[in-house]
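Read the structure below first, then the notes.
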Amino acid sequence: VQLQAFGGGLVQAGGSLRLSCAASGRTFSDYNVGWFRQAPGKERESVAATDWRGITTNYADSVKGRFTISRDNAKNTVYLQMNDLKPEDTAVYYCAAQYNRAIRSWTGPYDYWGQGTQVTVSS
């Protein structure tokens with residue numbers, strides 16, 4: 001499956017952005033999808049994930065209550081709504097797909113990755 005993430009940008013602290021991850025190439029509903037981020041000089045971290053149905057979701061503690069992951073399988077798209085953004089949320093955000101028949105953690109491993117989209121939060 002091919003993934004394309006978009007929707008990043010520059011926003012002030014306290015603001016909101018919605019990222020989208022558009023998929024193509026395979027049956028999108030066969031895959032759980034996660035969002036990850038990597039800030040300069042830091043390791044990549046898990047942000048949020050949704051199962052193939054959009055029912056089970058998981059979040060990193062740092063984003064709970066501020067970020068919401070959702071999906072629309074009819075549109076082959078997963079969203080990450082990010083509210084109350086903080087400067088420490090600044091990073092390149094990636095989406096990734098994980099085959100749902102494999103029993104894996106929401107933090108990984110993932111089978112397919114999209115290119116990143118930059119999110120910059122100014123103070």
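The values are calculated or read from the model by the stated rules, or taken from the named source; none is laboratory data. None of the values given here were measured: they were computed from a predicted structure. Cβ placement follows ideal geometry from the backbone for every residue including glycine, while neighbour counts extend to all protein chains displayed. Side chains are part of the model used for accessible areas, which takes the heavy atoms of the whole protein and leaves out ligands, DNA and RNA. Shrake-Rupley method; radii C 1.70, N 1.55, O 1.52, S 1.80 Å.
Under 13 Å from the Cβ of ASP51, count the other residues' Cβ atoms, weight Lys and Arg +1, Asp and Glu -1, and hand me the total.
+3
Leaving out ligands, DNA and RNA, what percent of the accessible area of the chain is carbon and sulfur, probe 1.4 Å?
Ligands and nucleic acids excluded, carbon and sulfur give 45 percent.
Would you mind telling me which residue in ALA22, ALA97, ALA49 has the biggest mean-square fluctuation in a Gaussian network model of the chain, where springs connect alpha carbons within a distance under 10 angstrom?
So, out of ALA22, ALA97, ALA49, the one fluctuating most is ALA22.
Round to a whole angstrom and tell me the spacing of the C-alpha centers of the stretch 55-113 and the stretch 1-46.
7
Would you kindly derive the ³J(HN,Hα) couplings of the stretch 54-70 from the backbone phi angles with the Karplus curve 6.51 cos²θ - 1.76 cosθ + 1.60 (θ = phi - 60°), listing them in order in whole Hz, with x for Gly and Pro?
Along the stretch 54-70, the couplings run x, 9, 8, 10, 9, 9, 5, 4, 5, 10, 4, x, 10, 10, 9, 9, 8 Hz.
When ligands, DNA and RNA are left out and all protein chains stay put, how many square angstrom of accessible area per residue does the chain have with a 1.4 Å probe?
Dividing the accessible area of the chain by its residue count gives 51 Å².
Between ALA39 and ASP111, what is 0.36 nm times their sequence separation minus the Cα-Cα distance? Round to one decimal in nm.
In short, 23.7 nm is gained.
Please name whichever of ASN73, SER62, THR90 sits farthest to the positive end of the charge dipole of the stretch 43-110, dipole taken about the Cα centre and charges placed at Cβ: Lys and Arg +1, Asp and Glu -1.
Result: ASN73.
Roughly what would the spin-label model give for ARG18 and ASP51, points 7 Å off Cα along C-beta, in nm?
Taking the simple label geometry, ARG18 and ASP51 are separated by 2.5 nm.
Enumerate the calculated ³J(HN,Hα) couplings along the stretch 17-22 in order (Karplus 6.51 cos²θ - 1.76 cosθ + 1.60, θ = phi - 60°), each rounded to whole Hz, writing x wherever the residue is Gly or Pro.
Calculated HN-Hα couplings, in order: 9, 10, 8, 10, 10, 9 Hz.
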